[in-house]
Amino acid sequence: MKAARRSIAFFSGVLLYCFGAGLAMKYANTGLPRQMYVQLGGRNSLQVMLGEAVVLMVLLFLIAAVWAYFTLRPQRRRHRPYVAWMMSGVGTAWAGWLIFGAFSFALKPRAYSAPLQNMLLSSNAAPLFGALNIFGVIAGVWLAGYWAKKRQLALPSSRSRTRPAPLSGEDAPDSLPPLGSPTLTPPSGS
């Protein structure tokens with residue numbers, strides 16, 4: 001059962017990042033109304049691109065926090081939230097998207113002339129597909145892991161908190177020495 005929860009956390013992390021990247025690309029193609037671009041200095045101005053990247057990062061942060069919490073939340077106290085497994089799934093998906101972006105970037109020669117801010121901040125520009133997106137997803141998963149750990153500690157324990165009373169005297173089996181009697185003799189000092 002432990003392996004199943006680990007694999008669910010891992011594949012949920014992969015799907016979370018892929019969903020987030022797809023959502024970011026869809027939003028990046030939609031953009032803002034033209035009147036806003038004119039007032040802010042154009043579609044490729046730094047403040048517009050940075051503003052869109054921050055809005056996407058916050059949106060991905062919120063989605064990742066909710067998604068990861070529902071994946072990681074424990075049902076019983078002994079079920080630990082597997083945050084590291086989910087983070088490794090997110091990292092694997094990010095590496096896959098990065099490799100795909102590198103090939104996509106290499107196959108489009110006009111992408112070499114794109115400004116650096118466009119390559120770093122735009123969610124539909126290879127090879128990074130929005131550098132801030134990964135930070136939003138990772139922060140969301142971390143926060144969800146924190147919440148899941150707090151929920152785990154708030155659940156009732158599945159083990160009893162009281163220890164059984166030690167056996168002594170007549171209740172003790174014959175093979176065990178009575179409590180309080182030394183089993184080893186202390187070395188004598190000369």
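The values are calculated or read from the model by the stated rules, or taken from the named source; none is laboratory data. Predicted model, so just to flag it, every value in this text is computed and none were measured. Neighbour counts run over all protein chains shown; Cβ positions are idealised from the backbone, glycine included. Keep in mind that these areas ignore ligands, DNA and RNA; they rest on the heavy atoms of the full protein, side chains included. Shrake-Rupley method; radii C 1.70, N 1.55, O 1.52, S 1.80 Å.
Per-structure values
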item	result
Val55 without any contact (Cβ under 8 Å) to a residue 60 or more places away in the chain, crowded, with 19+ Cβ neighbours inside 10 Å and not acidic (Asp, Glu)	no
Residue list for the stretch 83-141, filter: in a loop (DSSP other than H, G, I, E, B) and under 22 Å from Gln47 (Cα atoms)	Ala114, Pro115, Ser122, Ser123, Asn124, Ala125, Ala126, Pro127, Leu128, Phe129, Gly130
The lone exception for Ser45 - which of (1) touching a residue at least 24 places away in the same chain (Cβ under 8 Å); (2) surrounded by fewer than 15 Cβ atoms within 10 Å (Cβ to Cβ) it fails	(1)
Test: Arg76 is among the basic types (Lys, Arg), in contact (Cβ under 8 Å) with a residue 40 or more places away in the chain, open to solvent by 30 Å² or more (accessible area, probe 1.4 Å) and farther than 19 Å from Val141 by Cα	yes
Selected residue (criterion: nearest to Ser12 (Cα to Cα)) from residues of the stretch 92-116 that are of a type in the set (Gly, Ala, Ser) and buried (at least 17 other Cβ atoms within 10 Å of the Cβ)	Ala93
Filter result for Ser7 (open to solvent by less than 60 Å² (accessible area, probe 1.4 Å), closer than 29 Å to Gly145 by Cα and either assigned to a helix (DSSP H, G or I) or touching a Gly at 6+ places or on another chain (Cβ under 6 Å) (or both))	yes
All positions within the stretch 127-145 that are open to solvent by less than 20 Å² (accessible area, probe 1.4 Å) and more than 12 Å from Ala24 (Cα to Cα)	Gly140, Val141, Ala144, Gly145
